[in-house]
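The values are calculated or read from the model by the stated rules, or taken from the named source; none is laboratory data. Remember, predicted model here, so these are calculated numbers, not experimental data. Please note: Cβ atoms are built from the backbone with ideal geometry, for glycine as well, and neighbour counts cover all protein chains shown.
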Amino acid sequence: MKFSTKTRYGVRAILEIAMNECENGIYQKEIAENQNLPYKYLDHIITALKVAGLVTKASGRKSGYILTRRPSEITINDIHNAFEPGVCVVDCLSHQHSCKRDDRCASKGFWGQLNNQIIEYLKATTLQDLIDKQVRLDDLVS
């Protein structure tokens, strides 16, 4: 299983927004520069985060982006779901997939449990957790 570039960039972008939380927010240009993300591609990332209700424009004419909730209230699962319909480690777990072996397949049960563990981990990890980790890493480098 591999997470999409949009999801990975989305985590980086929202982390940058969260770490630069101020009244006027952070501009998209700054997010792109600080996170070394392509500016035009970041348009799609920001749009998805806005549609998901995770970020918004700060009030005022010349304003950047801010979070809609506290970082402790935004999970990595919320961010992932802004870009993907869900987690599915193998095709046979998808609702669109039908298999003649469904009721007698031990491996499907294994993949289903793994899938659930990944989802639970994404739900248990908040944006605040990433902020705390980033602050510790930044302190090591300084």
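Report whether or not residue 39 is loosely packed, with under 15 Cβ neighbours inside 10 Å, among the aromatic types (Phe, Trp, Tyr) and more than 13 Å from the chain's Cα centre (by Cα).
Here the answer is yes, as residue 39 does meet what is asked.
Looking at the stretch 44-101 only, could you name the residues that are on the phi > 0 side of the Ramachandran plot and modelled with pLDDT of 85 or more?
The initial filter retains those residues of the stretch 44-101 that are on the phi > 0 side of the Ramachandran plot, namely 53, 60, 86.
Residues satisfying the conditions are 53, 86.
Residues that are surrounded by 15 or more Cβ atoms within 10 Å (Cβ to Cβ), among the aromatic types (Phe, Trp, Tyr), within 24 Å of residue 133 (Cα to Cα) and in contact (Cβ under 8 Å) with a residue 60 or more places away in the chain: does the stretch 48-67 have at least one?
no
Among (1) touching a strand residue (DSSP E or B) at 6+ places or on another chain (Cβ under 6 Å); (2) more than 30 Å from residue 116 (Cα to Cα), where does residue 33 come up short?
Going through the list (1) touching a strand residue (DSSP E or B) at 6+ places or on another chain (Cβ under 6 Å); (2) more than 30 Å from residue 116 (Cα to Cα), residue 33 breaks only (1).
Out of the residues in the stretch 1-30 that are within 30 Å of residue 112 (Cα to Cα) and assigned to a loop (DSSP other than H, G, I, E, B), state the one that is modelled with the lowest pLDDT.
My answer is 1.
Among 127, 93, which is within 19 Å of residue 35 (Cα to Cα), surrounded by 11 or more Cβ atoms within 10 Å (Cβ to Cβ) and in contact with a helix residue (DSSP H, G or I) (Cβ under 6 Å, 6 or more places away or on another chain)?
127
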